[in-house]
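Working notes, beginning with the structure itself.
Since every read-out is calculated from the coordinates, none of them should be taken as a lab result. In this text, all values refer to a predicted model and were calculated from it rather than measured experimentally. Here the Cβ is made from the backbone with ideal geometry for all residues, glycine too, and neighbour counts use every protein chain on show.
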Amino acid sequence: MSDLLRMTGMYSGMDTEAIIQSLVSTKRQKVTTLKNDQKKLEWKQNIWQDLNSKLYGLYSKTLSNLRFSSAFAKKKTKVSDPTKATIIASDGAVNGSQTLKVNQLAKSGYLTGAAISKVTTGPVKSNWDENTKLSDMNADLVGSKLEIKTEKADGTSATTQIQVTANMTIQNFMDAVKTQTGVEMTFDKDAQKMTVAPGSGNTSVELAGTSDSKASILQSFGLADYSREPITTTVTGEEMKTTGKIYGAANNWNGTQTRLSDINKELVGETLSFKLSNGKTADIAITKTTTLSDIIKEAKKIGVDMEFDANSQQLTVNSGNESLELSTKGGSTSILQALGLDKYSDGAQKGEVVGNVIKLENPDKNADGFENDSYVKDIDNDLIGKKITLTVGKGLNAKTTQIEITGDMKISDLTKQLREGGVNASFDETNQRLFISSTGTGTEKGFSITGNDEALKSLGIYVDPSAKPNEDGIISTDYHGSQTTMIVAQDAEIELNGAKFTSSSNTFNVNGLAITANAKTNADEPVTITTETDYDGIYEMMKDFITEYNEIMNEMNKLYGADSARKYDMLSDEQKESMSEEEVEKWEDTIKGSLLRRDSTLYSIMNSMKEAVNGKYTVNGKEMYLKDLGIGTLSYFQSTKENRYSLHIDGDPDDEATATEKDRLKEALAADPEQVIGLFTQMAKKMYDSLHESMGSTEYSSIYKVYEDKRMKIDYDSYTQKIKDAEKELSDYEDKWYKKFSAMEVALSKLQSNQSTISSMLGM
């Protein structure tokens, strides 16, 4: 429709709009007819596309396979013990019985780290009692031995070794010495000193650590000066101090860089408030990274001097001439108590105040205090600069990644680098352990972690390289009261008929058998695999073909024999508005269903497929039909119009029409499978060849299309142009008539105006 100004019968009084629409109705109907014809063509294209897709599937998959006898070489297997292995036989598997042993299953490598604890390097001022574990004094004492040689008055002597166990306390050790040798050992808690006396019945005693000891007990007990020196009277050792590494809670804070969260984890979230009598104040919020130095700096800003003595482990606060009041808020633990500044709890203090020794007030709260964003150096400061090496795989294909621990490395950074190296790695904050595992099964995915032994021990991932896996492939390493467990990755191994095969997974493909190992077999109890031709599978394959054929043939038969839809014109928009959606759909489906009625192309395809299934074939010199195998259509009176060309198998339990008949197809397969297969392959090839010919490319059809898709596209595009031309013709025709009627209205307007002027002049 153009933008032309259109005037209605303002002066003529005529319904010009209705007159014009009547004049152009023929041309408007032409546009409607063209659009309807194009829509029918579109529907027809869609029907053919859907049908062609099904025919192409039958052609390219089913028939393409069935035309070869190899398609019928189906096999099945039985396993004497399915819990040990699952077997799937390919078509190429050899019939017969075979023996199978599953020697081992494929495993992933797993490393469960020991619980990580804070490592402090001695010497450390001690505060022990009789119940202190020797492992808390020095973790390396576990497994070490003290050799005790006693001599009696009669000149006889005896040598005894006392070994330190993981949970042995000082009292436990002294009791063991007393019981086994008679030597008396006592511990002075206040002086932190150990006393040794020969004891009743002994004239002298010699003490020495064994050559295979990991650490010296004598040194830890302050008795190193008495090694191999006969003791004939009571002697007292030096003050006991840590001589190696201790793990867990410690009261030795390393200068002003000590974090308050290390002193007590629960301090995080509290606020320490300074208030001087001159009105100056300072509030220090305690975060995870707040150090003693941070507090000292903030205090100095308001004129309060603070110092920390690493030797005495004490804070000194000096407020000068001003009174200072310290208080805390926001937390569950008193910062004043943790910092040894309890004196300020009673009120303001003036001048210099020396606090108590800073101790770990609640070691249980801090023992498992590491998180993913904790720094690695906080585990053990000696880790900085140390390197560990991750090796994934084996041989020439092994991948090696070296990781250097830096001062700003967090635990999360360490696990990230491990993952980038080719393993799964995570840190469990609840259990305080590193977990590392391979990304798959088999030795190709296995891994090892090497490097500085002390660094690996501090991280809880040290595995003794000399240790051998047990029968389950597990290596356990004990140190500092916890255990590292390594499950070594391994390949699966089977024996088939005495020949060994390995795989990185639990699946094998050997001699046409897909073997999945499920569990180890006993050495003298192999499983038996029996392979045979799967006649039931062949039967089902033939049945599947018939089902597919029937579905396509019935659809084509329905389309070809559809009732005429001459009485069903395409609905206009006005007609659709007066009908329900269901009524519109039913109406249009009737039209769609008739579009291929008596279609010659459809008839040709149907006929060629019927000829194939009804054809006579010669197999090994014998002429045969499918009906000889009990496969054919029902009689005219048994079948309906919709399934007249459907094939049925006599004796098929899923087919109500023939279920009671004798199953001749199964009998023929059992008696002479070669003949049955030969008949089916010939039939399939004939149908395949006929469809191949129908799907060849022509001037009007594309490759693998049974219908003239090119011609339909040409026709569709032609309709598009015709509709465009007809709509322009309609618009121009409407404009012509609107112009004429508009001119008439203008002329009448002028005439009426002139009449009014003349009447006025005549005094009428």
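In debye to the nearest 20, how big a dipole does segment 123-243 give about its Cα centre with +1 on each Lys and Arg Cβ and -1 on each Asp and Glu Cβ?
Charge dipole, segment 123-243, about its Cα centre: 180 debye, nearest 20.
Angle of helix 411-420 to the longest C-alpha principal axis of the chain, folded into 0 to 90 degrees and rounded to 10: 50°. How many Lys pairs in segment 123-243 lie less than 22 angstrom apart by Cα atoms, where the lysines are 8 or more positions apart or on different chains? Final tally of qualifying lysine pairs is 24.
The length gained by stretching the chain between residue 751 and residue 569 to full extension, at 0.36 nm per residue less their Cα-Cα distance, is 60.6 nm.
Principal axis extents of the Cα atoms in segment 501-620, from largest to smallest and rounded to whole angstrom, are 84, 48, 21. Per-residue ellipticity at 222 nm, computed for the chain from helices alone with -39500 (n - 2.57) per DSSP H run of at least four residues, works out to -10000 deg cm²/dmol. What percent does the relative contact order of segment 255-359 come to when contacts are Cα pairs within less than 8 Å and at least six residues apart? In percent, rounded to a whole number, it is 29.
Output the peptides 541-549, 460-468 sorted from most to least packed, where packing is the average of other Cβ atoms within 10 Å over each peptide's residues.
541-549, 460-468
For segment 371-438, the alpha-carbon coordinates run over 37, 27, 14 Å along the three principal axes, in decreasing order. For segment 123-243, averaging the sequence separation of C-alpha pairs within contact (under 8 Å, six or more residues apart) and dividing by the residue count gives a relative contact order of 31 percent.
Please give the helix 673-694 orientation as an angle from the longest Cα principal axis of the chain, in degrees from 0 to 90, rounded to the nearest 10. Once rounded, the angle reads 60 degrees.
Per-residue Cβ neighbour counts within 10 Å put 488, 376 in the sequence 488, 376, beginning with the fewest. When each of the peptides 196-206, 432-442 is scored by the mean number of other C-beta atoms lying within 10 Å of its residues, the order from highest to lowest reads 432-442, 196-206.
The radius of gyration of the Cα set in segment 123-243, together with its Dmax, comes out at 13.4, 43 angstrom.
Relative contact order of the chain, taken over Cα pairs closer than 8 Å and 6 or more residues apart, is 19 percent. According to the Cα-based calculation, Rg over Rh for segment 556-691 is 1.16, with Rh computed by the Kirkwood formula.
Semi-axis lengths, largest first, of the ellipsoid equivalent to the chain are 93, 55, 18 Å, with √(5λ) applied to each eigenvalue of the Cα gyration tensor. The order of the peptides 489-495, 748-754 by mean Cβ neighbours within 10 Å, most packed first, is 489-495, 748-754. Over all directions, the projected convex hull of the C-alpha atoms in segment 255-359 averages 5.6 nm² in area. Over segment 538-592, the Kirkwood radius and the radius of gyration, each from Cα atoms, give a ratio Rg/Rh of 1.28. Ordering 239, 525, 555 from the fewest to the most neighbouring beta carbons within 10 Å gives 525, 239, 555.
Could you tell me how many degrees, from 0 to 90 and to the nearest 10, lie between the Cα long axis of helix 581-593 and the main elongation axis, the longest principal axis, of the Cα atoms of the chain? The helix 581-593 is inclined about 70 degrees to the chain. What does the net charge come to around residue 59 if you take all other residues with beta carbon closer than 14 Å to its beta carbon, with K and R at +1 and D and E at -1? My count for the surroundings of residue 59 gives +3.
Note on the chain: with charges restricted to the Cβ of Lys and Arg (+1) and Asp and Glu (-1), its dipole about the Cα centre is near 2260 debye. Computed from the Kirkwood radius of its Cα pairs, the Stokes-Einstein diffusion coefficient for segment 376-487 at 20 °C and 1.002 mPa s stands at 147 µm²/s.
When the convex hull of the Cα atoms of segment 283-434 is projected onto a plane and the area is averaged over all directions, what value comes out in nm²? The directionally averaged projection comes out at 11.6 nm².
Comparing 157, 141, 205 along the charge dipole axis of segment 123-243, the residue lying farthest to the positive side is 141, per the Cβ-charge model.
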